[in-house]
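Student: One structure, as structure tokens, below. Some questions next.
The values are calculated or read from the model by the stated rules, or taken from the named source; none is laboratory data. Keep in mind that this is a model prediction, so the values were computed, not measured. Please note that ligands, DNA and RNA were not included when accessible areas were found on the heavy atoms of the full protein model with its side chains. Shrake-Rupley method; radii C 1.70, N 1.55, O 1.52, S 1.80 Å.
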Amino acid sequence: MDMKENYEYPLMPEWSKDEIITMVEFYAQVEDAYTTGVAKDEFMKMVRKFKTIEPSIAAQKQLDRKFKELSGYSIYQAIKTVSNSSKEHVKVEK
């Protein structure tokens, strides 16, 4: 599945402005993981922020499904690939 242009990131109405900004940065990191690759340490910091903002596993899965539907990229797959890599710079292969 190819990345779709001009889509909106899935956001939750209860998130604060700061949380929304952090989540937009997180989604951008997930995209980067697929396109250019990411620094493992920085990416994992963003993952921790994501899990702090949205601690519910069910909600995380819902956001992952929606994000994949919109962008073609899987949050779960990006986290799994980056966290399991021994490299400092990781790119997720589709």
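Student: Calculated from DSSP H runs of 4 or more alone, at -39500 (n - 2.57) each and per residue, what is the 222 nm mean residue ellipticity of the chain, nearest 500?
Tutor: -20000 deg cm²/dmol
Student: Hey, another quick one. Which residue fluctuates the most in the chain, going by a Gaussian network model with Cα springs under 10 Å, if the choices are 12, 46, 23?
Tutor: Of 12, 46, 23, the most mobile in the Gaussian network model is 12.
Student: Here's a follow-up. Show which lysines lie in cross-link reach of residue 68 when reach means a straight Cα distance below 18 angstrom and same-chain residues fewer than eight apart are skipped.
Tutor: Cα-Cα hits under 18 Å: 4, 51, 80, 91, 94.
Student: Right, something else. What residue among 33, 59, 78 shows peak mean-square fluctuation when the chain is described by a Gaussian network model with Cα springs under 10 Å?
Tutor: In this elastic network of the chain, the residue with the biggest mean-square fluctuation among 33, 59, 78 is 59.
Student: Now for a different question. Relative contact order (percent) for the chain, with alpha-carbon contacts under 8 angstrom and 6 or more residues of separation?
Tutor: Contact order relative to length: 42 percent.
Student: Label region 4-57 by shape, choosing from rounded, prolate and oblate, from the square roots a ≥ b ≥ c of the eigenvalues of the Cα gyration tensor; if a/c is under 1.5 it is rounded, and otherwise prolate applies when a/b is larger than b/c, oblate when it is not.
Tutor: Oblate.
Student: With the Cα gyration tensor of the chain in hand, convert its eigenvalues to equivalent ellipsoid semi-axes via √(5λ) and list them largest first in whole Å.
Tutor: For the chain, the ellipsoid semi-axes come out as 20, 16, 12 Å.
Student: Mind grabbing the accessible area of residue 18 for me, 1.4 Å probe, Å², rounded to tens?
Tutor: The accessible area of residue 18 comes to roughly 110 Å².
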